[in-house]
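Here, each number is a calculation from the coordinates, and none is a lab measurement. Bear in mind that the values here come from a model prediction, so they are computed numbers and not experimental data. Note: ideal-geometry Cβ built from the backbone for every residue, glycine included; neighbour counts use all protein chains shown.
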Amino acid sequence: MRIDAGAFIAATLAATALAFAPGASAATGSSLAKANGDATVSVLGEPDRDGDGFGDETEDGCPWNAALQTECPPVRPEVESAKPQRRAILVAVGVSSQAQVQVFGQVSWQVRQKAGRGNRGLTVGLGAGASRTVLPGTVAGFRLPLRKAVRRRLGRLTRRQALRAQVTVRTTDLAGRENDRLVTVKLRGRKP
């Protein structure tokens, strides 16, 4: 069998250029082929989501960031503010890189039992709803509504007394890694 060397080299270069071009998105395991008579050249490609020219599976440690080929750094959540309002806690969150952000928390206090039974703890959960995508360079606002039991308890406390809300800001990066930031918010009583 005779193979034309010029055609073979041209086919090889064309397939290689297509497979390794920045932004090539051949699915893993698929093959690109050029045929010349009896000769076939196959090149296996892999995804390149960020378009940096490095294969996501074998060369790129951070396939969601074109500036990095080493392992992606974990997302750092920054709580810009956490302010109590009359019926909610408003939390402003920024992130170091794109992430899903979820905000939730709880308020606990001691409840007196009838004579001779001591005290028991009561904990009420708070939630800001489903997680949301937050982009770097932006600040997203989350509203944690205060449940009726918390508002009722605050109505029984004087302004010198307070409850403490433990708020968790959870970020999940594109690789699925979670990072939590805890914040304590003081909720002042409302009785004069």
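Just a few scattered comments:
- Amide H contacts of Gly55: Asp60, each under 5 Å away and 5 or more positions distant or on a separate chain (H built 1.01 Å from N in the peptide plane; Pro and chain starts excluded).
- The amide H of Ala99, built 1.01 Å from its N in the peptide plane, has Val134 as neighbours under 5 Å, considering only residues 5 or more places off or on other chains.
- Residue-span extension gain [Glu178 to Lys114] - 0.36 nm each, minus C-alpha spacing: 18.7 nm
- Per DSSP, loop trypsin sites (Lys or Arg not before Pro) in segment 124-181 with at most 13 further Cβ within 10 Å: Arg159, Arg160, Arg177
- On the basis of the beta-carbon distance and an R0 of 35 Å, Lys191 and Thr123 show a calculated FRET efficiency of 0.95.
- Table column - 3J(HN,Hα) (Hz), segment 100-107, Karplus curve with 6.51, -1.76, 1.60, x for Gly and Pro: 8, 10, 10, 10, 8, x, 7, 10
- Close amide H pairs (under 5 Å, H built 1.01 Å from N) link Leu146 with Ala88, Ile89, residues at least 5 positions away or on another chain.
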